[in-house]
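In what follows, a structure is listed as structure tokens, so that the remarks can point back to it.
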């Protein structure tokens, strides 16, 4: 769930390719399973992302998905991961995405979300690890980039533990408008650290700063 009680600032993180290829195998609780995107899953994705406040409503989420994801349906079927609950209903998702831009080619972990009722079960860690396991075959030798934000400070803890590091100057790109455009996300490193200061444990914040690249 996004914490919108604090200011929004961009955070750019990156995991080196050797860390990507050495991730532990994901472990799901009993009764949960993984599957890839299938035709018609736009509504499931929209439901999950709206539940964590990424969009004001499911219609807006479906509009985004239709514009920026559906033109790449073949990629979705091998890059977009869902976690299914005991009733085979998708309750978490993440995507091993990519973009070509003025920044070069970037492989990126994209749109990680776990529905609030299923948070605290380890699904976030599992879906991230499962998605990261796709990159060595899909984007061999590539570092994995991640655009996140101060509102996702709970997730930042997870990303750091898995091997992502905050960047002081890097930026990320995402394909938009059905592949006809690219959005570049700025890096708000200094401002983001100050926003995180009251909400992160001092020891963790110190490590984040000390390991920033």
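The values are calculated or read from the model by the stated rules, or taken from the named source; none is laboratory data. Only a predicted model underlies this, so the values are computations on that prediction, with no experimental measurement involved. Backbone-built Cβ (ideal geometry, glycine too); neighbour counts: all protein chains shown.
Identify, from the list 54, 87, the residue that is touching a helix residue (DSSP H, G or I) at 6+ places or on another chain (Cβ under 8 Å) and in a loop (DSSP other than H, G, I, E, B). Don't jump to the end; show me each part of the working.
Working: 87 fails: touching a helix residue (DSSP H, G or I) at 6+ places or on another chain (Cβ under 8 Å).
Exactly one residue qualifies, and that residue is 54.
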Exception for residue 93 within (1) more than 30 Å from residue 197 (Cα to Cα); (2) in contact with a helix residue (DSSP H, G or I) (Cβ under 8 Å, 6 or more places away or on another chain); (3) part of a strand (DSSP E or B) falls at (1)
Please work out if residue 61 is part of a helix (DSSP H, G or I) and farther than 30 Å from residue 189 by Cβ. no
Out of everything in the stretch 29-40 that is touching a strand residue (DSSP E or B) at 6+ places or on another chain (Cβ under 7 Å) and in a loop (DSSP other than H, G, I, E, B), what residue ends up being surrounded by the most Cβ atoms within 10 Å (Cβ to Cβ)? 37
Taking the options 90, 116, name whichever one is surrounded by 17 or more Cβ atoms within 10 Å (Cβ to Cβ), at pLDDT 95 or above, over 25 Å from residue 207 (Cβ atoms) and over 15 Å from the mean Cα position of the chain (by Cα). 90
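Filter the stretch 98-113 down to the residues that are surrounded by fewer than 14 Cβ atoms within 10 Å (Cβ to Cβ) and either in a strand (DSSP E or B) or under 14 Å from the mean Cα position of the chain (by Cα) (or both) and list them by number.
Restricting attention to the stretch 98-113, the residues satisfying the condition of being surrounded by fewer than 14 Cβ atoms within 10 Å (Cβ to Cβ) are 100, 102, 104-105.
100, 104, 105 - these are the residues of the stretch 98-113 that are surrounded by fewer than 14 Cβ atoms within 10 Å (Cβ to Cβ) and either in a strand (DSSP E or B) or under 14 Å from the mean Cα position of the chain (by Cα) (or both).
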For the stretch 121-139, give me the residue count where each residue is in contact with a helix residue (DSSP H, G or I) (Cβ under 8 Å, 6 or more places away or on another chain) and outside any helix (DSSP H, G or I). 1
If I go through the stretch 168-187 residue by residue, how many of them are in a loop (DSSP other than H, G, I, E, B), in contact (Cβ under 8 Å) with a residue 60 or more places away in the chain and more than 16 Å from the chain's Cα centre (by Cα)? 3
